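Student: The following block contains the structure, expressed as structure tokens.
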Amino acid sequence: MVGLLAPLLPAIVASILPVFLIGALVGPMGSEFGYRETTAGWLMASFFAVSALVSRRAGSIADSVGPVRTLQVGLSGSAVTGATMATIADSVPVLAVAMMVGGGCNALTQIAANVYLARYLPPARHGVAFSIKQSANPGGVLVAGLLLPTLVLTTGWRSAFGVASGAALAAALGLEAVRRWHP
């Protein structure tokens, strides 16, 4: 079971990290873009609203193309979201579009991880496996919180999104070995 869960946990953290960075970095980002906590809340809400809308279709996608490939597509989109934030985000509307794309990619990743566990683990292990998988979501909060004092205060908020982009890309590439065993 641990072998099946190991690649999923970093994938889930990488997929959800951009939205938690928006919350953690409201100070430096808000100063640059001229917004306050309310706008950060709207940006976060747009992420989760699109995630909820895409979730309805994400299960069908994971069933048809395979959960690992769907995880890789979702993570690739999360990498693009992070890269957009790190490099070209220059206004609140760009931030909003990036958050909406990230939300859709998060839905693909979350649902594909569920399909993966349901497909490749015996039913008697589902309770433990899904609870461990769900614990990765607060891991995104932990990472976002740690990036603020360790990286953002010295190199700026864009560097945190660069880390998020790199983490999502690394997680997607790391799943390539898994795909050989579990398409």
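The values are calculated or read from the model by the stated rules, or taken from the named source; none is laboratory data. It should be emphasised that the depicted structure is a prediction, and the values quoted were computed from it without experimental measurement. Please note: Cβ atoms are built from the backbone with ideal geometry, for glycine as well, and neighbour counts cover all protein chains shown. Surface accessibility is based on the protein's heavy atoms, side chains included, excluding ligands, DNA and RNA. Shrake-Rupley method; radii C 1.70, N 1.55, O 1.52, S 1.80 Å.
Student: Restricting attention to segment 130-183, and to residues there that are aliphatic (A, V, I, L, M), loosely packed, with under 15 Cβ neighbours inside 10 Å and under 20 Å from A112 (Cβ atoms), which single residue is modelled with the lowest pLDDT?
Tutor: Filtering segment 130-183 for residues aliphatic (A, V, I, L, M) gives 132, 136, 141-144, 146-148, 151-153, 160, 163-164, 167-173, 175, 177-178.
If we keep only those that are loosely packed, with under 15 Cβ neighbours inside 10 Å as well, we get 142, 146, 153, 173, 177.
With the extra rule that they be under 20 Å from A112 (Cβ atoms), the set shrinks to 173, 177.
Details: L173: 93, A177: 81.
Residue satisfying both the conditions and the ranking: A177.
Student: Any idea how many residues of segment 30-68 are surrounded by fewer than 17 Cβ atoms within 10 Å (Cβ to Cβ) and in contact with a Phe, Trp or Tyr (Cβ under 8 Å, 6 or more places away or on another chain)?
Tutor: 1
Student: Given the condition part of a helix (DSSP H, G or I), open to solvent by less than 20 Å² (accessible area, probe 1.4 Å) and of a type outside the set (D, E, K, R), answer yes or no: does some residue in segment 118-127 qualify? Talk me through it step by step, then tell me what you get.
Tutor: Our first condition is that a residue be part of a helix (DSSP H, G or I); within segment 118-127, this holds for 118-120, 123-127.
Right, trim to open to solvent by less than 20 Å² (accessible area, probe 1.4 Å) and you get none.
Scanning segment 118-127, I find no residue that is part of a helix (DSSP H, G or I), open to solvent by less than 20 Å² (accessible area, probe 1.4 Å) and of a type outside the set (D, E, K, R), so the answer is no.
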